[in-house]
1. Under the rule of at least 5 residues apart or a separate chain, name every residue whose amide H is placed under 5 Å from the amide H of GLU62.
2. Along region 159-166, what does the Karplus equation 6.51 cos²θ - 1.76 cosθ + 1.60 (θ = phi - 60°) give for ³J(HN,Hα), rounded to whole Hz, x for Gly and Pro?
3. State the percentage of accessible surface on region 50-115 attributable to carbon and sulfur atoms; use a 1.4 Å probe and exclude ligands, DNA and RNA.
4. Using the Cα atoms of the chain, I'd like the radius of gyration and the largest Cα-Cα distance, Dmax, both in angstrom.
5. So, by mean Cβ neighbours within 10 angstrom, what's the order for 365-372, 389-396 with the highest one leading?
6. Treat every Asp and Glu Cβ in the chain as -1 and every Lys and Arg Cβ as +1, leave all other atoms uncharged, and give the resulting dipole magnitude about the Cα centre to the nearest 20 debye.
7. Compute the Cα gyration tensor for region 43-183, then decide on rounded, prolate or oblate, letting a ≥ b ≥ c be the square roots of its eigenvalues: rounded whenever a/c is under 1.5, prolate when a/b is larger than b/c in the other cases, and oblate in all that remain.
8. Which residue fluctuates the most in the chain, going by a Gaussian network model with Cα springs under 10 Å, if the choices are LEU86, LEU128, LEU61?
Amino acid sequence: MNKRTFLKNASLLGLGSITALPALGRITSAAAAMSPADGSDDDFWLTVRNSYTLKPDYINLENGYYCIQPRQILDAYKKHIDEVNLQGAYYLRTVQFDNKYAAAAKLAKLTGCPPEELIITRNTTESLDMIIGGLDWKPGDEAVMAHQDYGAMLDMFKQVARRYGVVNKFVSVPADPQTDEEIVEVYANAITPRTRLLMVCHMINITGHILPIRKICDMAHSKGVQVMVDGAHALAHIQFSIPDLHCDYYGSSLHKWLSVPIGAGLLYVRKEHISKVWPVFAEEGRRQDDILRLNHTGTHPPATDLTVSDAIDHYYSIGAARKEERLRYLQHYWTSKVRHLPHIKLYSPSQPARTCAIANVGVKGMKPAALAEKLLKQYRIYTVAIDNEAAGVHGCRITPNVYTTTAELDELVKALSEIRS
Ligand SMILES: Cc1ncc(COP(=O)(O)O)c(C=O)c1O
């Protein structure tokens, strides 16, 4: 039996199906009735909110770590778990990888990439650390990164510095730039003839700052430097296509804004670089320029990968433009009410296009941990404290999600107006 016939038969037997999402009827028809980019239509967003089961004990404004799944995605996930459990090893030995590659192809379409340049990994850490650790570094090679980058990647750069003699150069991203060029210049100034790789966040996790990636990539390429983008927070949050960014490598976590169950990420590698990367786990027997060479992980929960497809369907049903508008609307809703208060400090850029859902706020003279505790204990608002001296950020990260209401943000505004050091 050839592969295509087998897959067709497998599908008839219910083995090959990768979409378990029940009809997204109510969300889809409500979405059809409104303008494509309306962030303030509370009726529509109430329909979306009602598809989540939310804990009544607190207002969850810490969706930056992980975006819980709405019932449609959660139900699909549970169905996949049941199906894999029913079929056992038979599933793993038959359609497991075909289904994973089909989900990756759908993800490639969502991100505008050729499917030969993208794989589903377990998270951003796996994606980016594979690149940092997998390049053929020579002693004295330089890498550029920012104090505002994520700790796990910075640790991996520290390791390659110790292991291969790579020199790490740090920049500090301006907190409230007025032009893209201000940021590009900071990175450009750190590049020398020894620089090989520049790491940059698409969206800085502690402040929500969206960086001008394409301009940074074009500048770096003009100096012969490759660019690796940390897109942990950007995918399914703001709209973009990976090829439009002109980067060489891109990593993201699908359990963040795409609402895939915990344990899925993506790695994009530009075709011409694939053959030069050493994978974390070896997989011989493939062509050197086959990206699947970088995709070996050992046994991994297949239901997580299967749910990628359902989560993409759900994202489409809400609408990418609509979701981005709503998230930006929610952030501006509360930041515009507290930015002028003398005892408040915002650590996120003031220009609207430079942020979306995420922002960071501090109370002057108060430790972020104390603010987070007060918000939770006194006001039932869950956030995360960020006290990062190197990055110059000392506040609580506030991250609403599509289910957040303006009434919940009014509670935050009230709390921030009242709390003093
Ligand atoms: C900017 C950034 N990069 C990388 C990561 C790592 O993501 P993961 O833990 O899913 O690998 C995070 C996690 O929050 C992040 O915020």
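1. THR399
2. With the stated coefficients, region 159-166 comes to 5, 5, 5, 6, 7, 10, x, 6 Hz.
3. Roughly 57 percent of what the probe reaches on region 50-115 is carbon or sulfur.
4. According to the Cα coordinates of the chain, Rg and Dmax are 22.0, 73 Å.
5. Descending packing order for the listed peptides: 389-396, 365-372.
6. 380
7. oblate
8. Of LEU86, LEU128, LEU61, the most mobile in the Gaussian network model is LEU86.
The values are calculated or read from the model by the stated rules, or taken from the named source; none is laboratory data. Since the structure is predicted, the reported quantities are computational estimates derived from the model, not experimental observations. Positions of Cβ are backbone-derived with ideal geometry, glycine not excepted, and every protein chain shown enters the neighbour counts. Keep in mind that these areas ignore ligands, DNA and RNA; they rest on the heavy atoms of the full protein, side chains included. Shrake-Rupley method; radii C 1.70, N 1.55, O 1.52, S 1.80 Å.
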